[in-house]
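The values are calculated or read from the model by the stated rules, or taken from the named source; none is laboratory data. These numbers were taken from a predicted model, which means no experiment stands behind them. Cβ: placed from backbone, ideal geometry, glycine included. Neighbour counts: every protein chain shown. We work out accessible area using only protein heavy atoms, side chains counted, and drop any ligands, DNA or RNA first. Shrake-Rupley method; radii C 1.70, N 1.55, O 1.52, S 1.80 Å.
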Amino acid sequence: MSWNQLVDALRQSGALSAEWERTFRAVPRSLFTPDRILHDGEWKDRATQPKCWDDLVTADLPLVTQVYDDGTTPSSSSSMPTVVAQMLHHLDATADTPVLEVGTGTGWTAALLSHQLGATQVTSVELDPELAAQARDRLHATGLRPTVLAGDGTLGHPAGAPFQRAHFTAAVRRVPSAIIEQVEPGGVIVIPYGTPFCNGGLLRLTVAEDGRSASGPFVEDVSFMWVRDQRPDSGDFDIEDVRHGPSALDPSEVAEHTHAAFAIGLRMPDLFRRELWAGYDRLGTGRAEVWDGVSYAHCRLADWDGRHAVSQSGPRDLWDELTAAHAWWVRNGRPDLTRFGLTVTVAGEQHPWLDELGNPIT
């Protein structure tokens, strides 16, 4: 598939609006993709595998472009073109709109914004100085000169504020207060958001008239790598004084349902998902394993309603709480994640809701 064929497909699917079609054609992802990309656990090199590299770059796939020191965990990527198109649609920026981007990455999204809005309207901040320099070089090579800065994007760019729009290219568990403060009242923040239990929603916030809070719905089901200082880490734990019992919930109902997992994460924001799997391991037993830093629960799929299906330890009965959260989701009509929303304040408070502000999730 060529790049123009991919753009045709995005347009026909409705993911890409007419307003952005010309820009996507003019700014192909190949101009902003490193020569080495990771796919299916193997690095593909443009010099030695040019067709494979080109096929991946022109496909509707996310591309891993950098990993952490462990050699496998992604630390930077070029997002799936469909998702990029969706994010830009929800950002709803026009030519006179100053935009802050948090997470420059390869520079491709900054290039799309610069082509569409004018480079003087775009400020992009990248935590990794080397990635920032590489993205800046790619942008300059294509004649685009937005402001590209190396630094902690969650702190925004006070010298360039106020912005009318802000968007993130990595997921957060906590919406940074600095971004709310630097986007003018009525402005929009588009940000991937998740919990340790489910990394999964694209949040579109509108800043309140007093500038002290922002609120809005989840608009897409997406999954991004985490902002680096917000990566969930449940740590190590010891399992003592284990309590056993049956489960009122088949764990596959959560493992196979993103919307249920997302709702549970909003109700239990401190719950880590150590493992949640509806398949079968080498022992022939699917399993779900959750942890909050103190308490622990494990449920086996094959005999989830057996007397010893659930193991729990610590002060909380986490599996019972998870089961109650799932029952709440069922009672409310099994809502998709797009029926949920979030209100955040500059004081760091986060209040999820269902359907409307007056229906908080408690």
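For region 1-109, which trypsin sites (Lys or Arg not before Pro) pass both filters: DSSP loop (anything but H, G, I, E, B) and at most 10 other C-beta atoms within 10 Å?
Those that pass, being in a loop and sparsely packed, number zero.
A convex hull fitted to the Cα coordinates of region 80-185 yields 98 cubic angstrom per residue.
Against the chain, whose longest principal axis is taken from its Cα atoms, helix 3-13 shows a tilt of about 60°. Note: region 87-142, Cα convex hull, 69 Å³ per residue. Solvent-accessible area assigned to carbon and sulfur over region 309-362 amounts to 49 percent, based on a 1.4 Å probe.
Note on the chain: Kirkwood hydrodynamic radius from all Cα pairs is 21.8 Å, rounded to one decimal. Please work out whether region 1-142 counts as rounded, prolate or oblate from its C-alpha gyration tensor, where a ≥ b ≥ c are the square roots of the eigenvalues and a/c under 1.5 means rounded, while otherwise a/b larger than b/c means prolate and anything else oblate? It is oblate, given that a/c is not under 1.5 and a/b is not larger than b/c. For Tyr68, the accessible surface of its heavy atoms amounts to roughly 50 Å² (probe 1.4 Å, protein chains only, rounded to the nearest 10). Each label was represented as a point 7 Å from its Cα along the Cα-to-Cβ direction; for Glu356 and Asp221 these points are 2.6 nm apart.
Over all distinct Cα pairs, what is the inverse of the mean 1/r for region 116-244, reported as the Kirkwood hydrodynamic radius in Å? Let's see the in-between values first.
Details: mean 1/r = 0.0608 Å⁻¹.
Hydrodynamic radius (Kirkwood, Cα pairs) of region 116-244 is 16.4 Å.
In a reduced charge model with +1 at each Lys and Arg Cβ and -1 at each Asp and Glu Cβ, region 15-131 shows a dipole moment near 360 debye about its Cα centre.
How much of the pair distance distribution for region 167-236 lies past 16 Å, counting alpha-carbon pairs only, in percent? I get 46 percent for the Cα pairs in region 167-236 exceeding 16 Å.
Each of Glu220, Glu321, Glu126 has its accessible area taken with a 1.4 Å probe; listed largest first, they run Glu321, Glu220, Glu126. At a Förster radius of 41 Å, what calculated FRET efficiency corresponds to the Cβ-Cβ distance of Cys52 and His257, to the nearest 0.05? Plugging the Cβ-Cβ distance into 1/(1 + (r/R0)^6) gives 0.75. The angle between the Cα long axis of helix 258-267 and the main principal axis of the chain comes to about 80°, on a 0 to 90 degree scale. Using the Karplus relation 6.51 cos²θ - 1.76 cosθ + 1.60 with θ = phi - 60°, the per-residue 3J(HN,Hα) values for region 328-338 come to 4, 4, 5, 4, 8, x, 6, x, 5, 5, 6 Hz, with x marking Gly and Pro. Calculated [222 nm] ellipticity per residue, helices only, for the chain: -7500 deg cm²/dmol; basis is -39500 (n - 2.57) per DSSP H run with n ≥ 4, divided by all residues, nearest 500.
Here the chain is treated with +1 on each Lys and Arg Cβ and -1 on each Asp and Glu Cβ, and its dipole about the Cα centre works out to around 700 debye. Note on the chain: dipole from Cβ charges, positive end direction compared against Ala110, Val227, Asn4; the farthest Cα belongs to Asn4. The residue list Ala135, Ala171, Pro196 was ranked by how far each Cα lies along the charge dipole of the chain toward its positive end, using unit charges on Cβ atoms, and Ala135 comes out on top.
Counting only protein heavy atoms and a 1.4 Å probe, tell me what percentage of region 127-241's accessible area is made up of carbon and sulfur.
Roughly 44 percent of what the probe reaches on region 127-241 is carbon or sulfur.
Each 10 Å bin from zero up to the one holding the largest Cα-Cα distance in region 42-109 carries the following percent of pairs: 17, 42, 29, 12, 1. Measuring r between the beta carbons of Asp45 and Thr142 and using R0 = 22 Å, the FRET efficiency lands at 0.45. Over region 129-180, the pair-distance histogram of Cα-Cα distances with 5 Å bins from zero comes to 4, 16, 25, 21, 21, 9, 3, 0 percent, rounded to whole numbers. Average accessible surface for the chain: 44 Å² per residue, computed with a 1.4 Å probe over protein heavy atoms with every protein chain in place. Packing here is the average count of other Cβ atoms within 10 Å per residue, and on that basis the peptides 355-362, 205-212, 311-318, highest first, run 311-318, 205-212, 355-362.
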